[in-house]
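Chemist: Structure below; questions to follow.
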Amino acid sequence: IYKDLGIRAIPRKVNILDPKIFEKYQGLNIGIIVARDIDNSKTESELAGLTRTQEQRIRAEFTVETLNELPNINVWRKTYSSFGAKPKDHKSSVENIYRVVLNGINLKSINTLVDAYNFISLKHMLPVGGEDLAKIEGDIHLTFAGESEPAVLLLGDKDPRPPHVEEVVYKDDISAICRRWNWREADRTKLMENTKNCVLVIEGLPPITRQQVESATNELKDLVEKYCRAKTTAVILDETNPECEL
């Protein structure tokens, strides 16, 4: 068992997928990377350059007006609608990041971990996120929100709010850590410069293939090893392999 900052053990089961998720969303593949002994304190100019290249490519290939028609974007709009979220008001993380770029805005550097997963999200047009394992209590579940979920403060919000019943959430023993599947993450578990152990997540629903998720996962794994000098493990979760252990 690996120790987090010498204080507490990383949860043995990092991610558990509710079987009901697969009943409703068949063909789901999720790439999981667990990174340990991370150095997230430096800014990597090489990584920033890679991101600028992707931003230029995206502006040359796509427009805001046609973004909704792209299969990788549209699948999440349909998914959000299926659990009652309005895609017009609540955009998936990948649609949101593409809209920022297509509106002529260069992504700001947050920290090396976030910069690396934003680059992968841009390059592969997939939702990518991450959580600090030192701030996680118990196991992480991808499931449907119940009727009495605790309020959660999301990044950028001033007040905490509870998830809506039956929306898809990632949650631990305290509360949701990401609402509306991959819409917005909780402030509590965000990746910081002092993050030492984390879990990174890459999601794909058909028409996204398992191979596409694997490719993005492996590339992000390599980036975290290179730029954060981390020790990493990776796995693809699906209906036949719905949880991972450390």
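Chemist: Hey, could you check segment 202-241 for residues that are over 16 Å from the mean Cα position of the chain (by Cα), within 18 Å of Glu131 (Cβ to Cβ) and of a type outside the set (Ser, Thr, Tyr) and say which is most open to solvent (accessible area, probe 1.4 Å)?
Modeler: Filtering first and then ranking leaves Lys231.
Chemist: Still on this structure: Let me confirm something: among Gly31, Gly27, Gly49, which residue is modelled with pLDDT of 95 or more, in a strand (DSSP E or B) and not aliphatic (A, V, I, L, M)?
Modeler: Values: Gly27 fails: in a strand (DSSP E or B); Gly49 fails: in a strand (DSSP E or B).
Step by step, each of Gly31, Gly27, Gly49 is checked, and only Gly31 is modelled with pLDDT of 95 or more, in a strand (DSSP E or B) and not aliphatic (A, V, I, L, M).
Chemist: Out of the residues in segment 98-120 that are outside any helix (DSSP H, G or I) and of a type in the set (Gly, Ala, Ser), state the one that is most open to solvent (accessible area, probe 1.4 Å). Don't jump to the end; show me each part of the working.
Modeler: Keep residues of segment 98-120 that are outside any helix (DSSP H, G or I), which gives 103-111.
In the following step, the residues that additionally are of a type in the set (Gly, Ala, Ser) were identified as 104, 109.
Working: Gly104: 54, Ser109: 73 Å².
Applying the filter and picking the extreme gives Ser109.
Chemist: Now for a different question. Looking at segment 173-187, which of the residues that are surrounded by fewer than 21 Cβ atoms within 10 Å (Cβ to Cβ) and either among the aliphatic types (A, V, I, L, M) or within 15 Å of the chain's Cα centre (by Cα) (or both) is farthest from Val128 (Cα to Cα)?
Modeler: Let us first name the residues in segment 173-187 that are surrounded by fewer than 21 Cβ atoms within 10 Å (Cβ to Cβ), namely 173-175, 184, 187.
Filter once more, so that each one left must be either among the aliphatic types (A, V, I, L, M) or within 15 Å of the chain's Cα centre (by Cα) (or both): 174, 184, 187.
Details: Ile174: 22, Arg184: 11, Asp187: 16 Å.
If we take residues in segment 173-187 being surrounded by fewer than 21 Cβ atoms within 10 Å (Cβ to Cβ) and either among the aliphatic types (A, V, I, L, M) or within 15 Å of the chain's Cα centre (by Cα) (or both), then Ile174 is farthest from Val128 (Cα to Cα).
Chemist: Tell me, yes or no, whether segment 67-82 has at least one residue that is touching a strand residue (DSSP E or B) at 6+ places or on another chain (Cβ under 6 Å), open to solvent by less than 70 Å² (accessible area, probe 1.4 Å) and more than 21 Å from Glu219 (Cβ to Cβ). Spell out how you get there, then give the answer.
Modeler: To start, the set of residues in segment 67-82 that are touching a strand residue (DSSP E or B) at 6+ places or on another chain (Cβ under 6 Å) comprises none.
No; the residues of segment 67-82 include none that is touching a strand residue (DSSP E or B) at 6+ places or on another chain (Cβ under 6 Å), open to solvent by less than 70 Å² (accessible area, probe 1.4 Å) and more than 21 Å from Glu219 (Cβ to Cβ).
Chemist: Is one or more of the residues making up segment 121-141 out of contact with any Phe, Trp or Tyr (no Cβ under 9 Å at 6 or more places or on another chain), in a helix (DSSP H, G or I), farther than 19 Å from Leu220 by Cα and aliphatic (A, V, I, L, M)?
Modeler: yes
Chemist: Still on this structure: Taking into account only those residues within segment 136-167 that are closer than 26 Å to Val213 by Cα and among the charged types (D, E, K, R), which is surrounded by the fewest Cβ atoms within 10 Å (Cβ to Cβ)?
Modeler: In this case the residue turns out to be Glu166.
The values are calculated or read from the model by the stated rules, or taken from the named source; none is laboratory data. Since the model is a prediction, treat every value here as computed from it, not as a measurement. In this analysis, Cβ positions are derived from the backbone assuming ideal geometry, glycine residues included, and neighbour counts consider all displayed protein chains. When the accessible area is computed, the model is the full protein with side chains, heavy atoms only, and any ligands, DNA or RNA have been set aside. Shrake-Rupley method; radii C 1.70, N 1.55, O 1.52, S 1.80 Å.
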